[in-house]
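What follows is a single structure, written as structure tokens, with notes after it.
The values are calculated or read from the model by the stated rules, or taken from the named source; none is laboratory data. Just so it is clear, the model here is predicted, and its values are computed rather than measured. When the accessible area is computed, the model is the full protein with side chains, heavy atoms only, and any ligands, DNA or RNA have been set aside. Shrake-Rupley method; radii C 1.70, N 1.55, O 1.52, S 1.80 Å.
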Amino acid sequence: QVQLVESGGGLVQAGGSLRLSCAASGIMFSINRMGWYRQAPGKQRELVAALTSGGSTNYADSVKGRFTISRENGKNTVYLQMNSLKHEDTAVYYCNGVYFVPSFGTNLEVWGQGTLVTVSS
């Protein structure tokens, strides 16, 4: 069973930094796209940052210049370095992965359980 496990969330003061980690287990294939989403109370889940196996990145406008997504070479592990955190960054952050299964001939998607990031103002 494919699983994504996040870690690194917590409480931080505004202006501080946190680093989130996400590790995949139970998968035999390379994850083609890994990303971070977040959901604040009362709001829809939104994309924060994504990274493809080819190295392309995509960031939400609200985090550009502050957050950096990276991946450990050759591994299905992704990180989100969050700097200059703001109160509005408070949310549950979810790791997401998309991988191709040859026997199915299609992409499958997997989500982590989420990790809470709280930024005090």
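Quick notes
- Put R38, R19, R33, R45 in order of accessible area, highest first, and with a 1.4 Å probe you get R19, R45, R33, R38.
- Accessible area per residue was computed with a 1.4 Å probe on protein heavy atoms; E88 scores about 130 Å².
- Max mean-square fluctuation residue, GNM over the chain, Cα-Cα springs under 10 Å, options N32, N96, N76: N32
- Tail fraction, Cα-Cα pairs, the chain, threshold 20 Å, whole percent: 39
- The lysines whose alpha-carbon is closer than 28 Å to the alpha-carbon of K86, local same-chain residues fewer than 8 away aside, are K43, K64.
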